[in-house]
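The values are calculated or read from the model by the stated rules, or taken from the named source; none is laboratory data. Since the model is a prediction, treat every value here as computed from it, not as a measurement. Cβ placement follows ideal geometry from the backbone for every residue including glycine, while neighbour counts extend to all protein chains displayed.
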Amino acid sequence: MNDRKDILTLPETCRRLGILPADLEAIESEGLIVLERVQGEWVISLEQFERLEMVLRLERDLEINLAGIDVILDMRDRMDQMRREVDQILDFIRKQVSSDLREFLGEDNFPMALGPGERFMAMGRRGKKEEV
């Protein structure tokens, strides 16, 4: 038995989800989830367990076949990847804008923290209040 909190055994997984081991094997053989081997025992990570729950909801509730679920999960994975890339781009832009503002306003006029979407008024180089 494993002592890790981030994985479940396959019998525990089947019990929690009310599925047969054969159902789990079919889903795994389609490549919809990835099982791991830990100390000679097949287990599922909590991340893959959540993915398995989604597979079962799509299959049971929406009656989507495994091939359709594969397409849905692939699109979801690609959307997650794009979201991460957009977050990286936004982070870069925030840092660049922050650097440019610091240079434009000078260190003394630069706010310590500016959250997303926040605006502030600052004294510009010409002594006028400017929205930044």
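Out of Glu12, Glu53, Glu47, which single residue is of a type in the set (Asp, Glu) and in contact (Cβ under 8 Å) with a residue 24 or more places away in the chain?
Unique residue meeting the criteria: Glu53.
When you look at Ile64, is it part of a loop (DSSP other than H, G, I, E, B) and surrounded by 15 or more Cβ atoms within 10 Å (Cβ to Cβ), yes or no?
When the stated conditions are applied, Ile64 passes them.
Confirm whether Asp70 is at pLDDT below 95 and assigned to a helix (DSSP H, G or I).
Answer is no for this residue.
Of everything in the stretch 1-54, what is surrounded by fewer than 13 Cβ atoms within 10 Å (Cβ to Cβ), small (Gly, Ala, Ser), over 23 Å from the mean Cα position of the chain (by Cα) and under 21 Å from Leu66 (Cα atoms)? Give them in sequence order.
Once the filter is applied, which keeps residues that are surrounded by fewer than 13 Cβ atoms within 10 Å (Cβ to Cβ), small (Gly, Ala, Ser), over 23 Å from the mean Cα position of the chain (by Cα) and under 21 Å from Leu66 (Cα atoms), the stretch 1-54 yields Gly18, Ala22, Ser29.
Which condition number does Glu107 fail, the rest of (1) surrounded by fewer than 10 Cβ atoms within 10 Å (Cβ to Cβ); (2) within 30 Å of Glu12 (Cα to Cα) being met?
Condition not satisfied by Glu107: (2).
Residues of the stretch 31-75 being closer than 22 Å to Leu10 by Cα and among the small types (Gly, Ala, Ser), which ones?
Residues satisfying the conditions are Gly31, Gly40, Ser45.
For residues that are in a loop (DSSP other than H, G, I, E, B) and acidic (Asp, Glu), scanning just the stretch 2-59, find the one that is modelled with the lowest pLDDT. Please lay out each step first, then the result.
Kept after step one, since they are in a loop (DSSP other than H, G, I, E, B), are these residues of the stretch 2-59: 2-6, 18-20, 30-35, 39-40.
Those left that are additionally acidic (Asp, Glu): 3, 6, 30.
On the way: Asp3: 64, Asp6: 89, Glu30: 94.
Of everything passing the filter in the stretch 2-59, Asp3 is modelled with the lowest pLDDT.
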